[in-house]
Amino acid sequence: MGFDFVRWDDPVNVTQNPLITEPWSGTLVWKILNGDTALRFKPLTWLIYRGVHAAFGFNPVAWHGLSLLLHLGATLVFWVVLRALLARLQPETPRGTVHWLAWVGAAVWAVHPAHVEPACWVTATPYPLMVIFLTGSFWFYLRGMNPTHAAGARRNLTLAWIAALAAYAAYPVGVTYGLWLMAADIWIFRTAPRRGASTADIFRWLLRHALFLAPALASAWITWKSSATTPWLYPAPPSLAEVDLLIRLKMGTAMLGSVWTHFFWPVGLTPNNPMLPPDMVQGPMIAAMAIGTALGLLVVWLQRNQRPGTTGVVYGSTLLALPVLGFAQWPSWAVADRHVYLPHLVLTGAGVVLAARFWRKDAAKPAGIMVAVVLVAGLAVLGRQQVMIWRNTDTLFAYIERQPAFRWNVSQQTYIYQLWAAEAQEGGRSEIAREKSEQARQALQRGMLRAMEEENWTEAIEHSRQMEQIFGLPPVLRRERARWLLKLDRLPEAGVELRQTRREMPDDASTVLLVREWEKRAGRAL
């Protein structure tokens, strides 16, 4: 509650977001309903933000209080869903044991180190908001599909659909929820039409799920359209010519494995999404993770008839993870802590149902209680370590700076040091601001030198443009950029650079030689 805003998307999403502060107008309504602000479709989130701002302004205590309350709310709704799941899948479990196991499962999910980020980072507030509505939707769905509640089936399914709509309007990361429902019907609850079912039954089943998927696709389309046409905040999504389908599938499959390992091995977590260097994208580690994950999916698929519950858990969590696997982005490690918030609900639920099978044995109860206490306590200790990195901008960036992945991408290093310097300058810490600004400049210089050594002229040009935008460009570097452009046969751009370089250094011999080379290749005077 004593945490501050951080310069990691909080300004864009909250403190400098006009959707929160502008007076109501038709234009504002349109902006709220499209995805151009922060490149996400989340009108319900913006409306809640406006309410918080109207009541508390930009008091960070109120905003962090909102994040914490939503995380606790998501935990509470998840507890309700776990009780319903146990009653449905393990009906022989005593009522008291159901309550206890549901609390253990909800507590494990709440304090898990990979799930605490949305509770302490204001920008991640939409994640628990979305989960509240999706888990609520799933609870209504369970009731609607339960034969013992047949009289209220239509009402419950309608409420499930409305809650899903609210989730899609809170944050589009849950857009594959309808696919999860299909997987649950087929493998977990076994309520999907079987072979030999009538055409009418199959049609009704498909129509029910189409109603959940259609608004989700609309939400996803608005988000994709904004990210593709509004590249001011993030790099525009690449074309298949830039990042081919094979690389996307390999990266996405490897990251799916990371979603699962984050759950069972919550160590070394990070909010950072580094752009992987080309040698790592093509390297053995990513290939091994992708192959291992694909083989795991294949083995589960081959066992789908013998182990339908396992199939439902594995493929259900996979379907919920699809939006965070980076298929539409540059090759990066897209699975940050917050991205596993939703798919881990399925893994936690599976663990609780599995535990219920052993809990009915009297001999297992004392050991089970001890394991549960140790597990929750251990995860809480690890979770607290993750919480503390979000105290302020300094603690967050200091943590990111210590991660090995921080060195992978020069542009992101520069961006973080810039943000850090701006935060320090606003706080009156001029010396630290100068230090971080210099670190940003040095990062760009190192990036340019490495690109030159590797003869990666495109990357060298990119870093030089960043240098020019932030710090200005010395004439010598402008001359070298003209040389790199000539190597890439980008004559018009090289000509622009050489004209300016000639004005700045009219007597420079290297510039004269480059101008002659340009004129020879262009067939005219510069």
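Computed quantities for the displayed model
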{"quantity": "Exposure proxy order (Cβ contacts within 10 Å, fewest to most) of 149, 71", "calculated": "149, 71"}
{"quantity": "Length added when fully stretched, residue 69-residue 287, from 0.36 nm per residue minus Cα-Cα", "calculated": "74.4 nm"}
{"quantity": "Alpha carbon centroid spacing (whole Å) that separates the range 439-458 from the range 260-321", "calculated": "33 Å"}
{"quantity": "Rg/Rh for the range 87-153, where both radii come from Cα atoms and Rh is the Kirkwood radius", "calculated": "1.08"}
{"quantity": "Computed E for residue 377/residue 490 - FRET, C-beta separation, R0 51 angstrom, nearest 0.05", "calculated": "0.30"}
{"quantity": "Globularity index of the range 483-526, i.e. its alpha-carbon radius of gyration over 2.2 N^0.38 Å", "calculated": "1.01"}
{"quantity": "Residues whose placed amide H lies under 5 Å from that of residue 175, excluding near-sequence neighbours", "calculated": "none"}
{"quantity": "Charge dipole magnitude, Cβ of K and R +1, D and E -1 - the chain, Cα centre, debye nearest 20", "calculated": "1820 debye"}
{"quantity": "Ranked list, fewest to most other Cβ atoms within 10 Å of each Cβ, for 508, 201, 337, 185", "calculated": "201, 508, 185, 337"}
{"quantity": "Alpha-carbon centroids, the range 120-161 and the range 34-83: separation in whole Å", "calculated": "17 Å"}
{"quantity": "Neighbourhood charge, 15 Å Cβ-Cβ cut-off, centred on residue 508 and excluding it, Lys, Arg +1 and Asp, Glu -1", "calculated": "+3"}
{"quantity": "The range 483-526, dipole about Cα centre (Lys/Arg Cβ +1, Asp/Glu Cβ -1), debye to the nearest 20", "calculated": "160 debye"}
{"quantity": "Exposure proxy order (Cβ contacts within 10 Å, fewest to most) of 131, 381", "calculated": "381, 131"}
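Here, each number is a calculation from the coordinates, and none is a lab measurement. Remember, it's a predicted structure, so these values are computed and weren't measured experimentally. Reconstructed Cβ throughout: ideal geometry from the backbone, glycine too, with neighbour counts over all protein chains shown.
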